[in-house]
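One structure is given here, and the rest of the page talks about it.
The values are calculated or read from the model by the stated rules, or taken from the named source; none is laboratory data. What you see is a predicted model; the values in this text were computed from it and never measured. When we count neighbours, we look across all protein chains shown, and the Cβ atoms used for this are built from the backbone with ideal geometry, even at glycine. Keep in mind that these areas ignore ligands, DNA and RNA; they rest on the heavy atoms of the full protein, side chains included. Shrake-Rupley method; radii C 1.70, N 1.55, O 1.52, S 1.80 Å.
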Amino acid sequence: MGLSIGIVGLPNVGKSTTFNALTKTQNAQSANYPFCTIEPNKAIVPVPDNRLDELSKIVNPEKVVHSQVEFVDIAGLVKGASKGEGLGNQFLANIKETEVILHIVRCFEDGNITHVEGSIDPLRDVEIIETELLIADMQTLQKRIERLAKNTKSGTSKEALAQLEIAKELLVHIEAGEAVRNFSKKDDENFLLLDKELRFLTNKDIIYGANVDEASLLEDNNFVKSLKTHAQKNNAEVIKLCSKIEEELVSLDETEQKEFLAELGVKESGLDAIIKLGFAKLGLISYFTAGVKEVRSWTIHKGDKAPSAAGVIHKDFEKGFIRAEVISYNDFIQQGGEAKCKEAGLMRVEGKDYIVNDGDIMHFRFNV
């Protein structure tokens with residue numbers, strides 16, 4: 001299990017530059033003209049977690065394996081993309097499989113960088129993108145309604161009839177300009193089936209990435225203020241980042257990055273902030289396995305029980321689960337490792353009903 005984030009935005013808002021920086025790669029073209037990214041870019045990035053470094057100091061493993069997050073960058077969307085304008089719409093399918101959408105919004109003035117709409121207006125830009133996502137959802141739903149209607153005419157499927165009813169209600173909701181995430185019947189099992197199959201774009205959590213100049217990293221400019229007001233009204237959150245600075249961080253080692261950010265008065269990079277917020281929005285946590293072969297982070301959902309957590313490593317671990325040997329992260333660090341935790345009686349043996357905590361160090365016993 002990993003976190004997957006789809007990056008969207010208008011052309012020339014810093015989307016591909018941000019992608020380059022966030023993924024620590026340079027394989028997404030950045031240029032001062034629209035549609036410079038014409039193929040979807042994907043990159044797997046290790047999830048920053050200082051706890052792995054601390055565990056490694058004690059265990060001294062052969063390797064360290066972080067949890068992973070996938071970033072998917074698509075071509076810049078423009079007004080009318082859903083009707084074939086520009087190049088963006090053909091790539092929307094690439095972000096259907098992602099869990100979170102990172103919407104990069106330009107919040108800085110720069111006469112040397114053209115804007116596809118001719119001026120800087122974050123709320124207008126947000127409306128353009130979100131309208132295109134909404135239209136894409138509407139088109140997908142209309143096609144499903146046509147199929148369901150055919151199935152119900154034959155009278156062979158009660159399930160199809162129930163799905164058709166909820167689909168029609170949802171279509172009315174979307175046609176009124178409302179995102180799927182605001183639909184009143186999201187808990188209905190027939191809606192859940194529709195969303196599982198169709199992966200509605202406007203039902204995904206959104207993080208707005210306000211791309212600012214260096215001066216606005218510490219103090220919000222008016223563009224950021226208006227974006228934050230919009231986000232608050234829509235139960236979304238804004239992360240400020242400066243794509244130029246994020247790109248500069250790529251060439252620095254970890255110590256230099258910390259020093260650079262400290263000089264700017266910034267606590268963490270845009271990458272760290274986005275991943276932390278993405279994890280929080282999806283209710284994801286990490287547990288660890290720690291041995292001489294490797295120290296490794298595993299991603300699970302908050303509230304998952306021990307067998308389910310074991311299944312992330314291998315399904316056989318879940319099927320044949322017997323028990324889990326658990327040490328809390330703080331105890332492991334304070335005592336200086338597994339052996340001393342055992343001596344101090346701080347290793348617990350937990351069964352199938354144990355709910356895994358963030359930072360647990362776990363060892364599973366199973367039999368298949």
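Which ³J(HN,Hα) values in Hz, rounded to whole numbers, follow from the phi angles of the range 250-265 under the Karplus curve 6.51 cos²θ - 1.76 cosθ + 1.60, where θ = phi - 60° and Gly and Pro get x?
Karplus-based 3J(HN,Hα) across the range 250-265 equals 4, 7, 9, 7, 4, 5, 5, 4, 4, 5, 5, 5, 5, 4, 7, x Hz.
Which of the pairs 42/196; 96/352; 186/233; 96/185 have their Cα atoms more than 29 Å apart in this structure? Each step should come with its number before you reach the end.
Working: 42/196 22 Å; 96/352 34 Å; 186/233 19 Å; 96/185 21 Å.
The answer is 96/352.
Probe of 1.4 angstrom, ligands and nucleic acids ignored: what's the accessible area per residue over the chain, in square angstrom? List each step's numbers first, then the result.
Details: 18420 Å² over 368 residues.
Solvent-accessible surface per residue comes out at 50 Å².
Could you give the nm distance between label points at residue 252 and residue 234, where each point is 7 Å from its Cα heading toward the beta carbon?
In this crude label model, residue 252 to residue 234 measures out at 3.2 nm.
As an exercise, use a Förster radius of 30 Å and the Cβ-Cβ distance of residue 169 and residue 93 to find the FRET efficiency, rounded to the nearest 0.05. Display every interim value, and only then the final one.
Working: r = 25 Å, r/R0 = 0.83.
Efficiency at R0 = 30 Å is approximately 0.75.
Quick one: 3J(HN,Hα) in Hz for the range 180-197, Karplus 6.51/-1.76/1.60 with θ = phi - 60°, rounded, Gly and Pro as x.
4, 4, 9, 5, 6, 10, 5, 8, 5, 4, 6, 5, 4, 5, 4, 5, 4, 7
I'd like the distance between the alpha-carbon centres of the range 334-356 and the range 218-282, rounded to an integer number of Å.
36
Percent of accessible area on the range 153-209 owned by carbon and sulfur, 1.4 Å probe?
Numbers: 1500 of 3210 Å².
Whole-percent figure for carbon plus sulfur exposure: 47.
Would you mind telling me the share, in percent, of accessible area of the range 303-366 contributed by carbon and sulfur at probe 1.4 angstrom?
On the way: 1570 of 3450 Å².
The value for the range 303-366 is 46 percent carbon and sulfur by accessible area.
Would you mind computing Rg(Cα) / (2.2 N^0.38 Å) for the range 159-211, counting N as its residues? Intermediate values should be presented prior to the final figure.
Values: Rg = 12.3 Å, N = 53, 2.2 N^0.38 = 9.9 Å.
Rounded to two decimals, the normalised Rg is 1.23.
Compute the distance in nm between two label points, each set 7 Å from the Cα along the Cα-to-Cβ direction, one at residue 63 and one at residue 263.
It is 3.5 nm.
Per the Debye formula with a single identical scatterer at each Cα and no solvent contribution, what log10 I(q)/I(0) holds for the range 239-368 at q = 0.15 Å⁻¹?
Debye intensities relative to I(0), on a log10 scale: -0.83.
Figure the gain on full extension for residue 214 and residue 184 (residue separation times 0.36 nm, minus the Cα-Cα span) and round it to one decimal in nm. Each step should come with its number before you reach the end.
Numbers: separation 30, 0.36 × 30 = 10.80 nm, distance 4.10 nm.
Stretched out fully, the residue 214 to residue 184 stretch lengthens by 6.7 nm.
Could you work out the longest stretch of the chain that avoids the GluC sites (Glu not before Pro) located in DSSP loops with at most 15 other Cβ atoms within 10 Å?
Details: sites that count: 62, 85, 97, 109, 178, 219, 268.
No qualifying site falls inside 269-368, the longest such stretch.
Extension gain residue 349-residue 54, at 0.36 nm per residue separation less the Cα-Cα distance, in nm? Please list the in-between numbers first.
Values: separation 295, 0.36 × 295 = 106.20 nm, distance 2.36 nm.
Full extension from residue 349 to residue 54 adds 103.8 nm.
Using only alpha carbon pairs under 8 Å that are at least six residues apart, calculate the relative contact order of the range 234-368 and give it in whole percent.
Details: 181 pairs, mean separation 33.4, N = 135.
This gives 25 percent for the range 234-368.
What does the net charge come to around residue 348 if you take all other residues with beta carbon closer than 11 Å to its beta carbon, with K and R at +1 and D and E at -1? Each step should come with its number before you reach the end.
Details: positive: 323, 342; negative: 325, 331, 350, 360.
Here the charged neighbours net out to -2.
If you place +1 on the Cβ of every Lys and Arg and -1 on the Cβ of every Asp and Glu, how big does the dipole about the Cα centre of the range 315-368 come out, in debye to the nearest 20?
On the way: 8 positive and 10 negative charges, 42 e Å.
The calculated dipole for the range 315-368 is roughly 200 debye.
Using only DSSP helix segments of four residues or longer, with each worth -39500 (n - 2.57), what per-residue ellipticity at 222 nm results for the chain after dividing by its residue count and rounding to 500? Intermediate values should be presented prior to the final figure.
On the way: 14 runs with 151 residues, N = 368.
It comes out at -12500 deg cm²/dmol, rounded to the nearest 500.
If you restrict to DSSP beta bridges whose two residues both lie in the chain, what percentage is antiparallel, to the nearest 5?
50
Looking at this model, which pairs from 204/315; 57/244; 293/340; 143/168 are more than 22 angstrom apart at the alpha-carbon?
From the list (204/315; 57/244; 293/340; 143/168), the Cα-Cα distance tops 22 Å for 204/315; 57/244.
Considering only the other residues whose Cβ falls under 13 Å of the Cβ of residue 215, what net charge follows from Lys and Arg at +1 and Asp and Glu at -1? Write out the running numbers ahead of the final one.
Values: positive: 240, 244; negative: 109, 110, 213, 214, 219, 220.
Net local charge, residue 215 excluded: -4.
With the contact rule set at Cα under 8 Å and sequence spacing of 6 or more, what percent relative contact order holds for the range 147-301?
Working: 124 pairs, mean separation 21.3, N = 155.
It rounds to 14 percent for the range 147-301.
Between beta-carbons, use under 11 Å as the cut-off and find the net charge around residue 177, counting Lys and Arg +1, Asp and Glu -1.
Working: positive: none; negative: 127, 130, 175, 178.
Once all neighbours under 11 Å are counted, the net charge is -4.
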